[in-house]
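Trainee: Before I ask anything, let me first share the structure, which is written out below as structure tokens.
The values are calculated or read from the model by the stated rules, or taken from the named source; none is laboratory data. Everything quoted here is computed from the prediction, not taken from an experiment. Neighbour counts are summed over all protein chains in view; Cβ atoms, including those assigned to glycine, are modelled from backbone coordinates with ideal geometry. These area figures cover heavy atoms from the full protein model, side chains too; ligands, DNA and RNA do not enter into them. Shrake-Rupley method; radii C 1.70, N 1.55, O 1.52, S 1.80 Å.
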Amino acid sequence: MKSLRFISAEAFVSNAEFARKSLGGVAHNLFPLLFKASYLLEQAEVIHDLVENWPLVDFNMGKLLGTTVDYEEDLSYRTCSVCLESCLTGLRDYVLNHPSLYMKRLKVVDLTGIKDVEVQFCECKKTMGRWARTQLFSKLCLELLVYLQQTQCNPGTFEISIDVLIDLFVTERNYELVVQALLKRCYCPLKICCVAFRSDNLALQKFFYIIKLIDPSLLRKLEIVHNVRLEMEHLDILLNSIHFPLLMSLTLPARTFNVQRFTAADEQMLINIGEKMGEMTQLTELSVPFSILTGRIQQLLSPLKTPLKMLDVSNCSLNHADMAYLANSFHANHLEALDLSGHDIPDLYPSIFFRLLRHSSSVLRSLTLEDCNIQDTHVNMLILGLSACQKLQEFKFLGNPLSSQALKHLFTFLCELPMLKYVEFPVPRDCYPIGITYPVDDASLCRFDRQKYASVAEELNLILLQANREDVKASTPLFGSYDAAVHETNNELGAYLIKSFKETLEKLNTSLNKMS
């Protein structure tokens with residue numbers, strides 16, 4: 001619902017030429033209203049001029065585009081390329097073109113509230129993801145410095161200092177540009193303040209270099225994800241050499257830990273890592289997927305002084321003792337998001353898993369149980385465990401060998417969870433050829449009866465519809481959930497994988513030649 005004020009703001013900015021000429025006479029407290037209206041209508045020139053002449057002390061994208069009294073719709077999910085580019089260039093021109101220095105009040109810009117999602121509703125349909133935003137802002141900072149050095153500017157311009165809070169996403173392709181921007185940060189009026197950092201497809205040496213440049217004392221979220229070859233000894237060096245006092249969320253790449261190769265020195269190293277993580281008093285989110293941590297979860301997590309709200313230990317080869325620790329630890333009562341994918345829960349530790357579920361049920365919002373060997377005979381037990389999770393908003397259980405009949409039974413129950421909004425369900429087992437084995441390999445993943453699947457999916461959605469649960473979205477993303485970062489850099493990721501494969505073959509060929 002739009003207020004009369006917002007409708008008036010839309011009318012004002014819809015005529016871009018008139019709006020731009022009239023900004024000088026607009027009351028300062030109306031700038032946020034006009035910004036959101038301009039963003040909704042994708043009025044790029046008006047957005048630019050509003051930011052260039054921003055009269056307030058702060059500029060917070062999340063608050064400006066989020067739910068407001070005048071217009072409830074949240075526009076922070078629109079990563080519209082046209083709007084975001086206009087906003088960032090307007091910020092650069094704020095430094096350069098403002099007629100009077102004493103009117104420059106802007107001190108803090110927060111760009112972290114922008115959310116990257118799969119479906120865009122902006123008319124241009126062109127998105128600017130986190131990687132592209134990192135690239136553009138770094139480029140603008142360097143251009144600004146060059147311009148200030150080459151042009152006779154008012155001396156007061158160099159006294160402008162605006163902290164720009166930003167989520168950086170760095171890969172090999174934009175590494176050099178971002179490094180240059182960080183190295184010259186102290187000379188630039190727009191100060192890069194990195195509060196979240198993601199690194200993919202980056203040599204380990206470059207990662208260690210750039211992580212020191214970003215000012216780790218400000219970092220709240222650190223994601224080291226694809227093709228950064230960080231192993232346990234490297235993590236030990238990282239945590240011993242750099243202090244992360246505000247870090248709230250840590251994601252480590254696959255195979256960071258592998259207890260199968262552990263020596264006595266490795267055991268001590270794991271204890272040291274746990275202790276260093278324990279010093280991070282703000283840490284509430286930890287993701288260590290595809291590591292082998294059998295029997296070592298307690299060593300890693302027990303030093304933590306703050307309970308975890310999010311834990312991803314998917315495909316970590318947890319044993320009975322690990323699950324028992326999780327179920328009885330102080331983390332259990334605080335877990336809002338839990339991923340235990342890749343563990344044979346029904347056969348290995350059903351009772352302990354349901355104890356963990358019971359302890360976290362009052363706060364659990366997201367549960368992921370992909371490839372957990374949940375079969376038809378386990379559905380009633382699963383329903384019993386989930387029935388206490390009344391705050392569950394998201395349930396993902398792809399890759400489990402469930403029949404279409406079992407899925408219908410489960411969906412009938414899921415309708416009773418009042419907060420549920422999103423479900424990822426597997427292709428029913430009876431849609432695959434007889435004899436299919438689980439987990440289904442990539443080669444067989446798409447070899448199912450699509451017509452039969454479409455019929456079952458329609459029935460499942462009908463169950464939701466008949467229960468008046470149109471608010472629940474149910475889907476089967478065969479190759480996993482949407483990852484905005486991977487989607488944005490998939491070409492670079494693919495090229496990196498091909499290069500790594502080629503290097504491996506060359507090393508193998510060299511070894512064979514030496515042997516012969």
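Trainee: List, please: which pairs have Cβ atoms under 8 Å, are six or more places apart or on different chains, and start with a residue in the stretch 43-57 that is under 15 Å from V109 (Cβ atoms) and end with one that is basic (K, R)?
Mentor: Qualifying pairs under 8 Å: P55/R105; L56/R105; V57/R105; V57/K107.
Trainee: Oh, and also: Output the residue which, of all residues in the stretch 413-457 that are open to solvent by 50 Å² or more (accessible area, probe 1.4 Å) and among the β-branched types (V, I, T), is farthest from T368 (Cα to Cα).
Mentor: Selected residue: I434.
Trainee: Scan the stretch 4-46 for residues that are polar (S, T, N, Q), assigned to a helix (DSSP H, G or I) and surrounded by fewer than 17 Cβ atoms within 10 Å (Cβ to Cβ) and jot them down.
Mentor: S8, S14, S22, N29
Trainee: Oh, and also: Quick check: is even one residue across the stretch 94-104 of a type in the set (V, I, T), closer than 18 Å to P55 by Cβ and in contact with a Leu (Cβ under 9 Å, 6 or more places away or on another chain)?
Mentor: Filtering the stretch 94-104 for residues of a type in the set (V, I, T) gives 95.
Those left that are additionally closer than 18 Å to P55 by Cβ: 95.
Checking the rest, the ones that are also in contact with a Leu (Cβ under 9 Å, 6 or more places away or on another chain) come to 95.
Yes, some residue in the stretch 94-104 is of a type in the set (V, I, T), closer than 18 Å to P55 by Cβ and in contact with a Leu (Cβ under 9 Å, 6 or more places away or on another chain).
Trainee: How many residues are assigned to a helix (DSSP H, G or I), charged (D, E, K, R) and closer than 29 Å to F479 by Cβ when one looks only at the stretch 349-386?
Mentor: 1
Trainee: Which residues, counting only those in the stretch 118-135, are open to solvent by less than 20 Å² (accessible area, probe 1.4 Å) and over 17 Å from the mean Cα position of the chain (by Cα)?
Mentor: C122, the sole residue that qualifies.
Trainee: Going through the stretch 242-263 one residue at a time, which ones are β-branched (V, I, T) and under 18 Å from the mean Cα position of the chain (by Cα)?
Mentor: T251
Trainee: Among the numbered conditions (1) touching a helix residue (DSSP H, G or I) at 6+ places or on another chain (Cβ under 9 Å); (2) in a loop (DSSP other than H, G, I, E, B); (3) among the charged types (D, E, K, R), tell me where K276 comes up short.
Mentor: Exception for K276: condition (2).
Trainee: Select from the stretch 471-491 the residues that are on the phi < 0 side of the Ramachandran plot, at pLDDT below 85 and not acidic (D, E) and list them in ascending order.
Mentor: The answer is F479, S481, Y482, A484, A485, V486, H487, N490, N491.
Trainee: Just checking, does the stretch 431-439 include any residue being modelled with pLDDT of 95 or more, assigned to a loop (DSSP other than H, G, I, E, B) and touching a Lys or Arg at 6+ places or on another chain (Cβ under 6 Å)?
Mentor: Taking every residue of the stretch 431-439 in turn, none turns out to be modelled with pLDDT of 95 or more, assigned to a loop (DSSP other than H, G, I, E, B) and touching a Lys or Arg at 6+ places or on another chain (Cβ under 6 Å).
Trainee: Looking at the stretch 280-300, which of the residues that are of a type in the set (V, I, T) and assigned to a loop (DSSP other than H, G, I, E, B) is most open to solvent (accessible area, probe 1.4 Å)?
Mentor: The first filter runs over the stretch 280-300 and keeps only residues of a type in the set (V, I, T), leaving 281, 284, 288, 292, 294, 297.
From what's left, assigned to a loop (DSSP other than H, G, I, E, B): 281, 284, 288, 294.
On the way: T281: 71, T284: 20, V288: 2, T294: 46 Å².
Checked the stretch 280-300; the qualifying residue most open to solvent (accessible area, probe 1.4 Å) is T281.
Trainee: Moving on to the next point. Name every residue in the stretch 257-279 that is open to solvent by 30 Å² or more (accessible area, probe 1.4 Å), in contact (Cβ under 8 Å) with a residue 24 or more places away in the chain and either under 20 Å from D339 (Cβ atoms) or among the hydroxyl-bearing types (S, T, Y) (or both), in order of residue number.
Mentor: N258, the sole residue that qualifies.
Trainee: Another one. Any residue at all in the stretch 389-397 that's over 23 Å from K309 (Cα atoms) and either assigned to a loop (DSSP other than H, G, I, E, B) or among the β-branched types (V, I, T) (or both)?
Mentor: no
Trainee: Can you name the condition, by its number, that L338 falls short on among (1) open to solvent by less than 10 Å² (accessible area, probe 1.4 Å); (2) over 19 Å from L420 (Cβ atoms)?
Mentor: (2)
Trainee: Hey, another quick one. Only one of these conditions is not met by K115: (1) surrounded by fewer than 20 Cβ atoms within 10 Å (Cβ to Cβ); (2) out of contact with any Phe, Trp or Tyr (no Cβ under 6 Å at 6 or more places or on another chain); (3) among the basic types (K, R). Which number is it?
Mentor: Answer for K115: the failing condition is (2).
Trainee: Here's something else I'd like to know. Can you tell me how many residues in the stretch 126-158 are over 22 Å from E42 (Cβ atoms), in contact (Cβ under 8 Å) with a residue 12 or more places away in the chain and either of a type in the set (D, E) or assigned to a loop (DSSP other than H, G, I, E, B) (or both)?
Mentor: Here the count works out to 3.
Trainee: So in the stretch 160-188, with the set limited to residues that are touching a residue at least 60 places away in the same chain (Cβ under 8 Å), farther than 21 Å from L247 by Cα and out of contact with any Leu (no Cβ under 7 Å at 6 or more places or on another chain), which one is surrounded by the fewest Cβ atoms within 10 Å (Cβ to Cβ)?
Mentor: R173
Trainee: Within the stretch 147-159, how many residues are open to solvent by less than 70 Å² (accessible area, probe 1.4 Å) and modelled with pLDDT of 85 or more?
Mentor: Within the stretch 147-159, the first condition is being open to solvent by less than 70 Å² (accessible area, probe 1.4 Å), and the residues that meet it are 148, 151, 153, 156-157.
Within this subset, residues satisfying the condition of being modelled with pLDDT of 85 or more are 148.
Number satisfying all stated conditions: 1.
Trainee: So L50 fits all but one of (1) modelled with pLDDT under 95; (2) within 31 Å of the chain's Cα centre (by Cα); (3) under 30 Å from L218 (Cα atoms); what number is the exception?
Mentor: (1)
Trainee: Next up: Between a residue in the stretch 449-468 that is under 15 Å from F411 (Cβ atoms) and any residue that is small (G, A, S) and at pLDDT 95 or above, which pairs come within a Cβ distance under 7 Å, given they are 6 or more apart or on different chains?
Mentor: Listed pairs, sorted by first residue: V456/S404; L460/A474; N461/A474; L464/A474.
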